[in-house]
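The structure appears below as structure tokens.
The values are calculated or read from the model by the stated rules, or taken from the named source; none is laboratory data. These figures come from a predicted structure and were not determined experimentally. Quick reminder, even Gly has a Cβ in these numbers, built from the backbone with ideal geometry, and neighbours come from all protein chains shown. When the accessible area is computed, the model is the full protein with side chains, heavy atoms only, and any ligands, DNA or RNA have been set aside. Shrake-Rupley method; radii C 1.70, N 1.55, O 1.52, S 1.80 Å.
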Amino acid sequence: QPEQWREIMNKKMLFPPELISAIQEGKIELLCGLLKTGDGIIRQLDESEDRQWREALNLSIRLGNEDAMDTLLQGVKFDFRQIHEALLVAVDTNQPRVVKRLLDRLDQEKGNKMDVRSFSQAIFDHSIDNSQFAPGVTPLTLACQKDLYDIVTMLTQKGHIIPWPHKISCACLECRNGRQYDLLKFSLSRINTYRGIASRAYLSITSDDAMLRAFSLSRELRKLSQKEPEFKQPQYLGLEQLCQEFAVELLGMCRNQSEVTTILNSCGDESQDALQEQAFEEGIPNLSRLRLAVNYNQKQFVAHPICQQVLSSIWCGNLAGWRGSRTAWKLFVSVGIFLTMPFLCLVYWIAPKSKVGKILKIPVIKFLLHSASYLWFLITLLGESITMEMYRDKFASRQQNMLHSSFHMVWVVFFWYECKEVWIEGLRSYFLDWWNCLDMMVLSMYLASFALRVLIMLKREDWHQEDPQLIAEVLFAVTSMLSFTRLAYILPAHESLGTLQISIGKMIDDMMFMFILMIIGTAFLCGINNVYVPYVISPHLGFNETFHFLFWTMFGVANQDYVDMPQFVLAEFVGRILYGIFTLVIVIILLNMLIAMITNSFQKIEQDDADVEWKFARSKLYLSYFREGLTIPVPFNIIPSPKAVFYILGIFKQICCCCSCNSEQKYPPIASMSNDKGSEDSQLPYRQQVIRALVQRYIESARREFEETKRKIGNRITELSKAVCRMHSDMKVIQQLLMDDGHIPSDALTKDGSSILGKYIIGAKNNFRG
């Protein structure tokens, strides 16, 4: 009997041609009759007709005919892959009940151990190349891409997950086989996987902290866009933008200041402990999540009105009237701080806890103090330049007093300020800011210039003083120029100036075009130099002279007689041709192209991203003045204050006591959360409760928006259906009149009495109803 049973199970059933029309017309009795067999045994599919059976099952799902689908599942033995594709169709058409039935059927197939394959193996399967779904698309990734929250929840509860793709440089066996077998399928599978992971539905349902997950995923997608530039636009950068928008939308779900404070002040990630160590001034929250967003370059999140409101309120501190005051009053206060800066620093040094000391610790006042100090430094540099002009003879003979050009070194104790910043922020975080790199370079050059002057003065008899003196003077000249560029750091505090500073920065990025200009210029330099150098008719001809000639040609101030050489006609002709091509390519084409690129960058910033870019730059400026300490500006910070002594004693006390106290802040419960899981939620940290509340509000908002869109589309479809019905009735009347007049023979009509156009209208009406 086992052999007879195996023979019955291996029987093949041909695909009935009438099956498709029975499914389309919803004739369940005919469908059951076509699938009914004499012995009642479930039939195995014919391998050559596999596509037709799959299309029949998919068609029943797309039409929403659940009875036809149940009949096919009961009467035909579908394998694991066919049910998997049907599940994709059910997800694609957003039918949760059908998805549940197919999931149960999949569980049954897995239980019977019948053709169970990993979904990742589909990349090696040629039989599904004609499927409408791309490689790597699973039911969960498809549901996530369409943001079908109910189906995503159902699939995740069944144990479906989206495995995280391997690194692009991964050399494991699976990745190597995928690249060798079909590189395009492998890449598309990775992208489709990231589309599922970066979807709002997946981040909301599967992440403990959806906002932090969006941050990290956004950074990873930005890195992938650089490693795989062929899929940069719109794949990776589009998904990265989607993650940023999701984090912004979650932040917009906050309803009170308590939730905002909890979200912005907690990361909940042990890898971000370094951020927690950067203590802010007393009374200022640590804003760890906001600083993380700045480090991850989440510009839209940082520029959100909620974040900007928090930063602005901290920036002004107790000076509530500062934000609404007029510009004239702000300028008056700034000038007063500029003039009284030494006195204010003395008061803070003596009594940091006094009323004046507390005012000076407000970030905006601290910013004005440091700006005033730097302005005094620049005034000192200008004074030294004027002094050099007054004592020109002494400077020319290198007999000047060292104090005449070294008073600025009082501010170079700014080096101590930079060392404190490195101690507070950490070496890596410090050098991630380009302004800090500029500060270190300028300070190093100032110190090198001063050291050379001191060595010359001490070793005047043994050293040849000319060479070190020249180096010191050149270093001082270059650093003086760079010192004035540091003023651009404070420009983001003002909206108009900050926007201009950002535009200039973006235009400087276009200067990478100078690399092409340099290559072409070097080519012409070598060519023209090799034409004229063999003919020694002037001692001034040479490589340097040719370079100067071509360089100033770009600005229209070169001497055109350089290319004249009447004694050698051929060389002169070739030289003139090369010079003409150089002028055409460099001056007319490349320089104008560079101007167009710079103009385009400026207009793009001004029109599209000006507000976001400025708010992001301003936020980084604000955060730099929130840190504890560094209140007294240069050069007064070099003197140890009583506060520093107490601070050092406090550190020793902590080391000796070895005690740590938990200062976890208690927050009130969230009124907007449901009480169905009150006992469970009460055991969660307040941060996770807030995150869950925000995610729940976001999901409910998305569902309401979906229902509203569905209602509008339904109303439109109803109107179209009525219009089609009226048109169909009119067509019937016209046909009847034509038949009565004898213009149309009766055999031109279909069986139901409708013409071809009428049948098309009926099909359109049925489609609208579906």
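Of Val574, Gly521, Leu594, which is farthest towards the positive pole of the range 508-612's charge dipole, taken about the Cα centre with +1 and -1 on the beta-carbons of Lys, Arg and Asp, Glu respectively?
Working it through, the farthest residue towards the positive pole turns out to be Val574.
Can you flag which of Lys506/Lys604; Lys227/Lys604; Lys506/Lys615; Lys330/Lys361 are past 21 Å Cα-Cα?
Values: Lys506/Lys604 10 Å; Lys227/Lys604 26 Å; Lys506/Lys615 16 Å; Lys330/Lys361 18 Å.
Checking Cα-Cα distances, Lys227/Lys604 exceed 21 Å.
Just the projected area, averaged over all directions, of the convex hull on the alpha carbon atoms of the range 208-272: how many nm²?
Details: hull surface 19.8 nm².
In nm², the orientation-averaged hull projection of the range 208-272 is 5.0.
Val333: net charge of surrounding residues, Cβ under 15 Å, Lys/Arg +1, Asp/Glu -1, itself excluded? Intermediate values should be presented prior to the final figure.
Values: positive: Arg323, Arg326, Lys330, Lys366; negative: none.
Result for the neighbourhood of Val333: +4.
For Phe280, list long-range residues whose amide hydrogen, built 1.01 Å from N in the peptide plane, is under 5 Å from its own amide hydrogen.
Glu628
Regarding the range 508-612, what whole-number volume in Å³ per residue does the convex hull of its Cα atoms give? Walk me through the numbers on the way to the answer.
Details: hull volume 9.9 nm³, N = 105.
Taking only Cα atoms, the range 508-612 has a hull volume of 95 Å³ per residue.
What list of ³J(HN,Hα) values in whole Hz, one per residue of the range 159-168 in order, does the Karplus curve 6.51 cos²θ - 1.76 cosθ + 1.60 (θ = phi - 60°) give from phi, with Gly and Pro shown as x?
So the J values, rounded to whole Hz, are x, 6, 9, 10, x, 5, x, 6, 4, 5.
Rounded, prolate or oblate: which fits the range 311-386 when a ≥ b ≥ c are the square roots of the eigenvalues of the alpha-carbon gyration tensor, with rounded for a/c under 1.5 and prolate only if a/b beats b/c? Kindly include the intermediate steps, with their values, before the conclusion.
Working: a/c = 2.41, a/b = 1.40, b/c = 1.73.
Oblate.
For the range 508-612, which whole-number percentage of the solvent-accessible area (1.4 Å probe, protein heavy atoms only) is attributable to carbon and sulfur atoms?
Details: 4690 of 6730 Å².
Ligands and nucleic acids excluded, carbon and sulfur reach 70 percent.
What number comes out for the charge environment of Thr553, summing +1 per Lys or Arg and -1 per Asp or Glu over other residues with Cβ under 14 Å away? Mind showing how you got there, number by number?
On the way: positive: Arg576; negative: Glu545, Asp561.
Its environment carries a net charge of -1.
Compute the accessible area per residue over the range 508-612, keeping the other protein chains in place, probe 1.4 Å, unit Å².
Numbers: 6730 Å² over 105 residues.
Using a 1.4 Å probe on heavy atoms only, each residue of the range 508-612 averages 64 Å².
What translational diffusion coefficient, to the nearest whole µm²/s, does the range 208-367 have by Stokes-Einstein, given a Kirkwood radius computed over alpha-carbon pairs, a temperature of 4 °C and 1.567 mPa s viscosity? Each step should come with its number before you reach the end.
Numbers: Rh = 18.3 Å.
Answer, rounded: 71 µm²/s.
For Asp564, what charge total do you get from the other residues with a beta carbon under 15 Å from its beta carbon, if Lys and Arg give +1 and Asp and Glu give -1? Can you show the working numbers first?
Details: positive: Arg576; negative: Glu545, Asp561, Glu572.
Spelling it out: positives minus negatives among the neighbours equals -2.
Which order do peptides 470-478, 332-340, 166-174, 202-210 fall in by mean Cβ count within 10 Å, highest first?
Working: 470-478: 16.0, 332-340: 13.8, 166-174: 10.4, 202-210: 19.8.
Taking the mean over residues of other Cβ atoms within 10 Å, the ranking is 202-210, 470-478, 332-340, 166-174.
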